[in-house]
1. Within the bounds of region 25-47, is there any residue that is polar (S, T, N, Q) and at pLDDT 95 or above?
2. Residues of region 1-53 being closer than 26 Å to Arg66 by Cβ, outside any strand (DSSP E or B) and not basic (Lys, Arg), which ones?
3. How do the pairs read when you match residues in region 33-51 that are at negative phi with residues anywhere that are charged (D, E, K, R) and not in a strand (DSSP E or B), using Cβ under 8 Å and keeping only pairs 6 or more apart or on different chains?
Amino acid sequence: MWTMARDQFGNTYHDLGRWPRKALLKLFSRKHADKMYVDTVKGTKHIGYIIASHWLTVYTVEPWEREA
């Protein structure tokens, strides 16, 4: 599973690997991240992190075609 993130300013951060929190903390030279949630019909869902005044939504990247 590969991930990427987008912040509130539209900046994208690619190739975060399997552990996006760890990669983002290293990128911003920080040691703490707060979780970011969104309200849904079924309850709340964890969608990203708040690190160094950046609100980062994390996405899973998958190939369009799967290899046979």
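1. Within region 25-47, one or more residues are polar (S, T, N, Q) and at pLDDT 95 or above.
2. Matches in region 1-53: Met1, His14, Asp15, Leu16, Gly17, Trp19, Pro20, Ala23.
3. Going by the 8 Å Cβ cut-off, the qualifying pairs are Ala33/Arg21; Tyr49/Arg21; Ile51/Arg30.
The values are calculated or read from the model by the stated rules, or taken from the named source; none is laboratory data. Bear in mind the structure is a predicted one, so any value in this text is a computation, not a measurement. A quick note on method: Cβ atoms are made from the backbone with ideal geometry, for glycine too, and the neighbour counts reach across all protein chains shown.
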